[in-house]
Amino acid sequence: MKRRIFLASSLSAALSGCSSIGTKLNDNAAFHNFLGVSESLNRALLGTHGLAREYADSDVDATFRINGFDTPMDAHYSRLQNGNFRDYRLLIDGAVERRRAISLAHLNDMAQQSNITRHDCVEGWSAIGKFRGVRLADVLDLAAPKASARYVVLHCMDRSPEGLPYYESLDLHQARHPQTLLALALNDKPLDAAHGAPVRLRVPTQLGYKSAKWVGRIELVASYSNLFSGHGGYWEDQGYEWYAGI
Ligand SMILES: Nc1nc2c(c(=O)[nH]1)N[C@H]1C(S)=C(S)[C@@H](COP(=O)(O)O)O[C@H]1N2
Ligand SMILES: [Mo]
């Protein structure tokens, strides 16, 4: 535990922030080595099958920092937001038996699950928040992934300053982890726009950048190598680790 905190703060010293380090990272072999060491250490210390620690209500941080790209401001997102997300549909497609387009009302009617967990950003800050939503596993069941499906790709509604869409991926094991949620609420309030309204991923066993905000589409794939730059996520395409376990 101590060692993990040390690693996180060393990372923060090495980095200036998620949104400004993309190009620097690719050239930085020392950083890559360091990240490799911290990855294997973290896996050795905590394993990949355990549960993230859950906290008490009294541990919840008063403010949950906002990080990453700006809230989408395009016509599509603005229209959804102005209509209180009544017209939002979570699309599930790719290697599934049943393509789905699921409304927010439907997601809110499904069995809800909460966890109070710590979000760890690779920049070296953490925040404890209470997330409520549906298990990603339950949502996947609605679409019935085919046997060929190995990864769950989350396509987001925001873009980087260069115009690249944000996306992330999990393998089916992480996607079906009992604490992995499609979160609809943070600290007992519906997600606000800056924290990813109306639906964000919350995966407390992995670093913050895996917890994709503003999720619009979930695609089941056999491999993510054909998507974007082929590394399974926006930050992964800039040189970050894909697994990113904590
Ligand atoms: N769609 C999208 N999801 C994202 C990001 C982003 O820029 N776009 N940033 C990631 C990073 S680096 C972090 S630390 C968290 C921040 O979530 P928060 O704003 O709720 O703290 O969202 C993650 N998910
Ligand atoms: Mo982050």
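Each value in this text was obtained by applying a stated rule to the coordinates, not by laboratory testing. Predicted model, so just to flag it, every value in this text is computed and none were measured. Cβ sites come from the backbone with ideal geometry, for glycine too, and all protein chains shown count toward neighbours.
Counting neighbouring Cβ atoms within 10 Å and putting the fewest first, the residues Ser58, Ser103 line up as Ser58, Ser103. When Ile102, Ile246, Ile66 are sorted by how many other C-beta atoms sit within 10 angstrom of their C-beta, beginning with the fewest, the order is Ile66, Ile102, Ile246. Cross-link partners of Lys210 among aspartates and glutamates, defined as those whose alpha carbon lies under 14 angstrom from its own and excluding same-chain residues fewer than eight positions apart: Asp120, Glu123, Glu168, Asp171, Glu236, Asp237, Glu241. Classify the stretch 52-238 from the C-alpha gyration tensor, please: rounded if a/c falls under 1.5, else prolate or oblate depending on whether a/b exceeds b/c. The shape class here is rounded. Residue exposure proxy: His195, His173, His106, ordered by other Cβ atoms within 10 angstrom of their Cβ from fewest to most, comes out as His173, His106, His195.
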